[in-house]
Each structure stands twice: as structure tokens, then as C-alpha cells.
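Asker: Quick one: the structure is below, and I'll ask about it shortly.
The values are calculated or read from the model by the stated rules, or taken from the named source; none is laboratory data. Values in this document were obtained by computation on a predicted structure and should not be read as measured data. Methodologically, a virtual Cβ is constructed for each residue, glycine included, from the backbone with ideal geometry; neighbour enumeration extends over all protein chains shown. Protein only, heavy atoms only, side chains kept; ligands, DNA and RNA dropped before computing areas. Shrake-Rupley method; radii C 1.70, N 1.55, O 1.52, S 1.80 Å.
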Amino acid sequence: SGESGAGKTESTKLLLQHIMNLCKGNSQLEQQILQVNPLLEAFGNAQTVMNDNSSRFGKYIQLRFQKNTVRGAKLSEYLLEKSRVVQQDTGERNFHIFYYMFAGLSSEEKEMYGLLDPSLYRYISGRFGTQDVAQRWKQKYQEVCNALDMVGFEEQEQVDMQAILAGVLSLGNVAFEPEERNGSVKVSEASRGWLKAAAVKVNVLSQLVCCVPCSPWSPSVSCCCLCADSRDSIAKVAYGRVFGWIVCKINELLAENVDPEVELSEIGILDIFGFENFAVNRFEQLCINLANEQLQHFFNHHIFQMEQAAYKEEELPWETITFNNNEPILNLLLAKPLGLLSLLDEQSAFPQATDKTFVDKLNSSFKGNLHFQPGRGRILGFSIIHYAGKVQYTAGGFLEKNRDTLPANVRGLFINSITPLLSLLFTGNCCGMGKLQDIAHQTLAALWLAGLLIFLCHRQHSLMMLMERMYSANPHFVRCIKPNSQKEPGVVDSQVVLLQLRYNGLLETIRIRRDGFSWRPSFEEFAER
């Protein structure tokens with residue numbers, strides 16, 4: 001755990017390399033496991049103002065062993081930041097893979113996928129980079145292709161996957177205009193080429209995104225805006241399905257091939273997206289920061305509460321060490337029925353509700369709460385005093401993202417796609433993904449936020465099962481500390497470091513390790529020594 005840009009993903013890769021080396025690291029399976037992280041980085045990471053290679057999803061890697069030999073691995077991913085596909089703030093980029101494709105594909109391949117100059121695409125904001133950056137992306141693209149081959153993706157699967165990604169970019173350039181005769185909306189004439197490049201039938205998509213009621217939430221929203229929202233929803237769900245399919249394929253290819261009755265030991269690595277505080281913080285930042293609150297609470301429970309309870313149980317002379325308990329913040333966010341998430345779900349269920357009515361509800365419900373502050377000025381929002389500091393959230397889009405609406409007949413559109421993989425992703429035959437297709441985003445968010453629920457592609461782990469696993473395991477905490485805020489190598493800003501040591505509770509952790517009993521051999525180990 002740690003701030004965005006503190007080195008969590010790099011630490012995860014080093015830890016995996018270390019474990020594979022301890023296993024001798026020579027088998028094909030071990031080499032495949034090492035290729036998983038760079039593959040996921042290409043599709044799940046992006047440049048932000050805090051980190052040039054920021055994880056925009058959480059992952060849990062389970063390594064399974066038999067007699068110190070790795071026999072299989074399983075990957076779980078959760079809460080991919082799909083909104084990044086259609087919108088990025090100033091100084092940020094879309095997911096890496098889009099830029100890698102433009103830099104790495106040959107002219108013939110770009111023509112096959114219908115890709116033109118990258119500056120033309122709205123979803124990547126016309127930003128590409130210098131020649132040096134493009135050369136580096138070209139190398140990264142080759143690494144992705146090598147990783148796909150190493151892990152075991154077939155050539156046609158790779159072609160279909162890139163065709164879908166190219167189609168997503170083309171879809172983003174589809175614009176709409178009013179129909180003069182009846183006041184409805186149609187795809188603009190200038191956009192029909194992009195629509196064709198998106199590899200869908202013009203009349204089907206036109207019906208899909210244009211036959212939207214003109215005022216489902218607010219009468220002031222124009223039909224053209226609603227059509228654009230539908231277009232973006234299609235792009236997000238398509239990218240999300242591709243990402244989920246990649247994870248499913250990885251799990252199929254890395255699954256252990258042993259007798260089911262053989263008991264395997266396991267090491268799990270949880271690599272979570274870091275705490276974020278940008279100039280503009282949205283729904284995604286709230287979700288990310290809440291997950292970090294949960295992990296900090298889990299850390300506090302093990303390092304302070306369980307540790308000191310053991311000392312008292314053994315009747316050891318001990319002066320209690322106090323720590324910054326973030327439970328009140330979790331109650332503010334997760335309590336039922338009046339926590340922030342519960343109020344968000346409640347407002348999302350009302351067709352007439354708006355982001356303003358949601359903020360008004362928060363202001364009245366949390367008046368006087370030490371960890372909540374109403375927004376100031378003209379910006380519609382609120383602030384939360386997190387364990388890592390105060391974060392001001394912009395409330396615009398909260399209800400829409402929590403509802404995550406998608407036109408009802410979108411599944412039929414994808415099933416009838418001319419791209420075989422895209423059709424497969426929506427038929428329910430791909431790694432059990434059909435079981436997940438109708439689960440509402442708000443339910444998913446509420447579940448994982450309530451306890452870092454990891455959503456598996458083959459089956460859904462209940463909150464109870466996950467928490468039992470986390471609390472019954474023997475956890476080791478890797479606390480990543482960011483040396484400076486400028487993304488500069490070799491520079492240590494002592495104030496930045498000290499702030500992190502304080503809010504992470506590491507100063508108290510040092511004290512409990514120094515004054516306490518950090519090494520506890522078993523009776524057998526002690527007697528043998």
C-alpha cells in the first residue's frame with residue numbers, strides 16, 4: 001500500500017521475481033507468471049499527474065505451491081477505471097495500450113484495423129508524445145505482444161482484441177445532430193465514416209444511441225448529450241469486457257494441473273491502487289481512497305489491536321500505544337442506512353434526483369461530523385478528512401457513474417458484431433462472464449467498498465469468505481513511501497516522507513516493534529535452538 005506513485009506495482013513485480021527465483025525460476029509456468037504484470041500494466045495502467053504508470057484497477061495474485069514448487073496462479077481484478085476510456089483530465093492519458101498500438105503497429109496493420117493519425121481521436125485527446133516517447137511505446141508494444149505469446153494467447157485472439165480497441169477509438173468520434181423533421185437525433189453525416197470504422201451496422205447503432213428518452217434524469221439535458229453518454233457507455237463496457245476476458249484467459253492458462261485432493265499452500269499479493277488527491281477529484285477517487293481507508297484499518301487491526309491484545313492476554317507489563325483509528329471515517333462512508341454510499345444508492349434510485357440533491361442530502365446528514373465538510377463557492381462538491389488528509393470531491397457525475405446506465409439492447413448489438421471475440425464476450429460463454437453481465441455497477445461498488453471484495457471471473461467470492469481469508473492469513477505489510485511529489489528520481493523530500501510516515505501510523509509501528517516482542521519462535525524452535 002501507499003500513495004499513488006509510491007512504487008506498489010514495481011514492488012509487486014520485484015516480489016514476484018524474488019519468489020520465482022526462490023523456486024529456481026526455470027519452468028515455463030514461472031516465466032508465464034512473470035509476464036502477467038507487464039501485460040496487465042498495458043491494459044490497466046495509465047499516466048496521471050501523480051504517476052506515469054498508475055494502476056487504474058486493483059489486483060490480487062494468488063500463487064499456489066506444492067513442496068516449494070509453484071504449481072499454479074490465479075489473478076483477481078476489481079474496479080477497473082472504465083471512465084478513463086472516454087475522458088482524461090489535463091496532464092493525463094488513456095490506458096497505455098492505445099498509445100502502444102499506434103507506435104507499434106505497422107502501416108499495413110493500422111490500415112487493417114482502420115486506424116488513422118492518433119491526433120484525430122477524441123478518446124486520446126489528440127495527445128501522442130515526442131519521437132523519443134513514441135519509440136519507447138513501440139518497444140512496449142513489442143513487449144506486450146511477447147507477453148501475450150508467452151502467456152498463451154492465440155494469434156486470432158490477439159487480432160480480434162486489437163480490432164475491438166480500434167473500434168472503441170473510432171466510436172468515440174461519432175457525433176450526433178438533431179433530426180429536422182421530428183425533433184429526434186441522428187448520427188451526423190460527418191461521423192458515418194467513424195461509425196463504419198467502429199465495425200457495427202449504422203442503423204443498429206443509430207437506433208441504439210438515438211432512441212433514448214430526452215429527459216430520463218433532467219429535462220434540461222439535451223438529446224444529443226444523452227446520445228453521447230450512450231456512446232461512451234458502449235465504449236466503456238466494451239473495454240471493460242476485453243480487460244475481464246484477458247484476466248480470464250490468464251487464469252485459464254496459469255491454473256494448476258494437480259490432483260484436486262492435493263493440498264496446496266498459497267501466497268497472495270494484494271496490489272491496490274494508491275491514495276489519490278488531485279486538483280479535481282471525482283467518483284473514482286472516492287472509490288480508490290475508500291479502498292485505501294479499508295486497507296489502513298486492516299493494518300491498524302493487525303499491528304496495534306491484535307498485537308496489544310496478545311500482550312495483555314499473556315499478562316506482560318505493557319503501556320498501551322495509541323494510534324490514529326480511522327473507523328469513524330469508514331462509518332461515515334459505509335454505515336447503513338445513513339452512510340455516504342447508502343445515501344448515494346438511495347439518490348440513484350430516484351429518477352428526479354440530481355447531483356445537487358445528493359450533495360444537499362450529504363450536507364444535512366453529516367452536519368457537525370468532524371470528517372465531513374460541505375463544499376464552498378460555486379463548485380458542487382464536498383470534502384472528506386481521510387486518514388491521509390483532506391480531499392475535496394467534485395460531485396458532478398456521481399449519480400450517473402453510480403447508476404452506470406447502458407441502453408437495454410446493447411447486448412444484442414455486441415452479439416451481432418462482425419468481430420468474433422466481441423460477440424463471444426457477450427454470449428455468456430467466455431470464462432463464465434455471462435454470470436456477471438447484469439450486475440449493476442452500484443451493487444459492485446458497494447460490495448467491494450464494504451470490504452475490498454475481489455470479483456473473480458469464474459465465481460463471485462462473498463464478502464464473508466474474503467474477509468475470513470484476509471483475517472485468517474498471516475499478513476505482511478509492504479508500506480511504499482513516495483520520496484517526492486515531482487516524479488523525480490534520486491530526490492528525497494523529507495517533509496513529504498515524514499507526512500506519509502505519520503498518517504500511515506509507521507511512527508507508532510516503529511515504537512511497538514521496538515518496545516514489543518516482534519520475534520516469537522514456537523516452543524519447538526526455541527527448544528531446538
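Asker: Kindly indicate which of VAL204, VAL159 is open to solvent by 20 Å² or more (accessible area, probe 1.4 Å), at pLDDT 90 or above, among the aliphatic types (A, V, I, L, M) and over 14 Å from ALA228 (Cβ atoms). Talk me through it step by step, then tell me what you get.
Answerer: Working: VAL204 fails: at pLDDT 90 or above.
The conditions single out VAL159.
Asker: Of the residues ASN51, ASN21, ASN37, which single one is in a helix (DSSP H, G or I) and open to solvent by 10 Å² or more (accessible area, probe 1.4 Å)?
Answerer: On the way: ASN51 fails: in a helix (DSSP H, G or I); ASN37 fails: open to solvent by 10 Å² or more (accessible area, probe 1.4 Å).
Result of the check over ASN51, ASN21, ASN37: ASN21.
Asker: Answer yes or no: is there a residue in the stretch 14-34 that is closer than 22 Å to TRP137 by Cβ and touching a residue at least 60 places away in the same chain (Cβ under 8 Å). I'd like the intermediate steps shown before the answer.
Answerer: Residues of the stretch 14-34 closer than 22 Å to TRP137 by Cβ: 34.
Of the ones still in play, those that are also touching a residue at least 60 places away in the same chain (Cβ under 8 Å) are none.
Looking through the stretch 14-34, none of the residues is closer than 22 Å to TRP137 by Cβ and touching a residue at least 60 places away in the same chain (Cβ under 8 Å).
Asker: Of the conditions (1) open to solvent by 10 Å² or more (accessible area, probe 1.4 Å); (2) among the acidic types (Asp, Glu); (3) out of contact with any Gly (no Cβ under 7 Å at 6 or more places or on another chain); (4) in a helix (DSSP H, G or I), GLU293 fails just one. Which one is it?
Answerer: For GLU293, the exception is condition (1).
Asker: Which residues, counting only those in the stretch 146-183, are among the small types (Gly, Ala, Ser), part of a loop (DSSP other than H, G, I, E, B) and in contact with a Leu (Cβ under 8 Å, 6 or more places away or on another chain)?
Answerer: GLY152
Asker: Within the stretch 254-275, restricting attention to residues that are under 14 Å from ARG64 (Cα atoms) and among the hydrophobic types (A, V, I, L, M, F, W, C), which residue is surrounded by the most Cβ atoms within 10 Å (Cβ to Cβ)?
Answerer: By that ranking, first place goes to LEU254.
Asker: Just one of the numbered conditions (1) part of a helix (DSSP H, G or I); (2) without any contact (Cβ under 8 Å) to a residue 40 or more places away in the chain is not true of LYS186; which one?
Answerer: (1)
Asker: Determine which member of the set GLN308, GLN285, GLN352 is closer than 30 Å to ASN51 by Cα and either touching a residue at least 24 places away in the same chain (Cβ under 8 Å) or exposed (fewer than 14 other Cβ atoms within 10 Å of the Cβ) (or both).
Answerer: So the residue among GLN308, GLN285, GLN352 that is closer than 30 Å to ASN51 by Cα and either touching a residue at least 24 places away in the same chain (Cβ under 8 Å) or exposed (fewer than 14 other Cβ atoms within 10 Å of the Cβ) (or both) is GLN285.
Asker: Among the candidates LYS390, LYS312, single out the residue that is in contact with a Ser or Thr (Cβ under 6 Å, 6 or more places away or on another chain) and not hydrophobic (A, V, I, L, M, F, W, C).
Answerer: When all the criteria are applied, what remains is LYS390.
Asker: On to the next question. List every residue pair whose Cβ atoms lie under 7 Å apart, where the two residues are 6 or more positions apart in sequence or sit on different chains, the first residue falls within the stretch 237-262 and is under 30 Å from LYS401 (Cβ atoms), and the second residue, located anywhere, is among the charged types (D, E, K, R).
Answerer: TYR239/LYS82; GLY240/LYS82; VAL247/GLU77; ASN251/LYS74
Asker: I'd like the residue in the stretch 73-129 that is on the phi > 0 side of the Ramachandran plot and in contact (Cβ under 8 Å) with a residue 24 or more places away in the chain and, out of all such residues, is surrounded by the most Cβ atoms within 10 Å (Cβ to Cβ).
Answerer: Among those residues, the one meeting the criterion is LEU79.
Asker: Another question, then. Being modelled with pLDDT of 90 or more and either in a helix (DSSP H, G or I) or out of contact with any helix residue (DSSP H, G or I) (no Cβ under 7 Å at 6 or more places or on another chain) (or both) narrows it down to one residue among ILE234, ILE246; which is it? Before the answer, list the steps.
Answerer: Details: ILE234 fails: modelled with pLDDT of 90 or more.
None of the others qualify; the one that does is ILE246.
Asker: Are any residues in the stretch 311-333 within 30 Å of GLN47 (Cα to Cα) and open to solvent by less than 10 Å² (accessible area, probe 1.4 Å), and if so, which ones? Show your work before the answer.
Answerer: The first filter runs over the stretch 311-333 and keeps only residues within 30 Å of GLN47 (Cα to Cα), leaving 326, 329-330, 333.
ASN326, ILE329, LEU333 - these are the residues of the stretch 311-333 that are within 30 Å of GLN47 (Cα to Cα) and open to solvent by less than 10 Å² (accessible area, probe 1.4 Å).
Asker: Another one. Of the conditions (1) within 23 Å of HIS297 (Cα to Cα); (2) at pLDDT below 95; (3) not aromatic (Phe, Trp, Tyr), LEU340 clears all except one; give me its number.
Answerer: Looking at each condition in turn, LEU340 falls short on (2).
Asker: Every residue in the stretch 498-529 that is loosely packed, with under 15 Cβ neighbours inside 10 Å and among the β-branched types (Val, Ile, Thr), please.
Answerer: Listed by number, the list holds a single entry, ILE510.
Asker: Can I ask one more? Among SER1, SER27, which is the only one that is farther than 28 Å from ALA388 by Cα, open to solvent by 20 Å² or more (accessible area, probe 1.4 Å) and out of contact with any Ser or Thr (no Cβ under 6 Å at 6 or more places or on another chain)?
Answerer: SER27
Asker: Can you pull out the residues in the stretch 470-509 that are in a helix (DSSP H, G or I) and within 24 Å of ILE269 (Cβ to Cβ)?
Answerer: Across the stretch 470-509, the qualifying residues are MET470, TYR471, SER472, GLN500, LEU501, TYR503, LEU506, THR509.
Asker: Is one or more of the residues making up the stretch 491-504 polar (S, T, N, Q), within 18 Å of GLU293 (Cα to Cα) and under 24 Å from the mean Cα position of the chain (by Cα)? Show your work before the answer.
Answerer: Our first condition is that a residue be polar (S, T, N, Q); within the stretch 491-504, this holds for 494-495, 500, 504.
When the remaining residues are screened for being within 18 Å of GLU293 (Cα to Cα), the result is 500, 504.
The next check asks that each one be under 24 Å from the mean Cα position of the chain (by Cα); those that pass are 500, 504.
Checked the stretch 491-504: at least one residue is polar (S, T, N, Q), within 18 Å of GLU293 (Cα to Cα) and under 24 Å from the mean Cα position of the chain (by Cα).
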